[in-house]
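**Q** First the structure, which I've put down as C-alpha cells, then a few questions once you've had a look.
What follows is calculated from the coordinates using simple rules that are stated; it is not laboratory data. Treat the numbers as computed from the prediction; the structure is a model and nothing was measured. Neighbour counts are summed over all protein chains in view; Cβ atoms, including those assigned to glycine, are modelled from backbone coordinates with ideal geometry.
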Amino acid sequence: MIARVVILLAIVGIIIGALFLGQGGPSPVARPATGEAGEVPGYSARNAEVTQTGEDGRPQFTVVSPLIKQQANDQRVQLDAPRMTFVSEENGTWHAQSRSGLIQADGASVDLHGDVRMNGMLSDSPVVIRTSTISFDTRTEIARTPAYFTVDARGGTLGATGLLANLKEGTLQLESNPHLESPVNASPRSK
C-alpha cells in the first residue's frame, strides 16, 4: 500500500515538475489580443480605381492600379504601376504613370516613383515630363521633384535637376541650370 502511494506521489511530482520547470508553467488557452482596440486592418485590391474628390464633389485625381495595398495602422495607400489623371480647372487634364506610388493618408499628396512620365498642356502646348520621382500636391495642384528630369515641349527637350510644376497656373520652375538635350525646331527665319 505504501508503495502505491509513493508511486502516485512520484507521478504527480513528475507531472507538476514537467509543467512548471520544463515548459515554463501552464499557458493560457486563449491568446491575448496583439492589437490595440483602435487598430485598423490593412487591405489590398486588384485592378482598383480610386477617385479623390474635392469639397465641391468634383474629381481631383483618379488612380488606376493593378494592385493597391494598405498596411494595418498605416493610412497611406501603396500603388503598383499606377496610372493617374489629375484634373486642373484652369489647365485641363494631366496624366501620369510610374512603376510605383503612394497616396498619403489625408489624400493631400500622391508620390510616384520609378520611370515617371507626366503629360498635359501648358500654354496651349503639349508637354511631357520624365523623371525618377515626383510628388503631386492635390490641394495646390503643384508637382515637384528634386531629381533630374526632362521636359519635351515645342519640339525640343530640356533637362535639369529639380522642378516645380504649377499645373493650376500653367508654369514650370526649374531649380538648376537647364540644358538643351535636343534643339527646338528651327524657325523659318533662321535659314
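**Q** Quick one: if the Förster radius is 22 Å, what FRET efficiency do residue 72 and residue 52 give, using the C-beta to C-beta distance and rounding to 0.05?
**A** Working: r = 22 Å, r/R0 = 1.00.
It comes out at approximately 0.50.
**Q** Which whole-number percentage describes the relative contact order of region 43-183, with Cα contacts under 8 Å and a sequence gap of 6 or more?
**A** Values: 377 pairs, mean separation 19.7, N = 141.
Worked out over region 43-183, it gives 14 percent.
**Q** Now for a different question. So, with +1 on the Cβ of K and R and -1 on the Cβ of D and E, and no other charges, what is the size of the charge dipole of region 43-183 about its Cα centre, to the nearest 20 debye? Display every interim value, and only then the final one.
**A** Values: 12 positive and 17 negative charges, 85 e Å.
Roughly 420 debye, rounded to the nearest 20.
**Q** Within region 118-157, find all residues whose amide N lies under 19 Å from a label point positioned 7 Å from the Cα of residue 106 along Cα-to-beta-carbon.
**A** Residues 135-144 qualify, since their backbone N sits under 19 Å from the label point.
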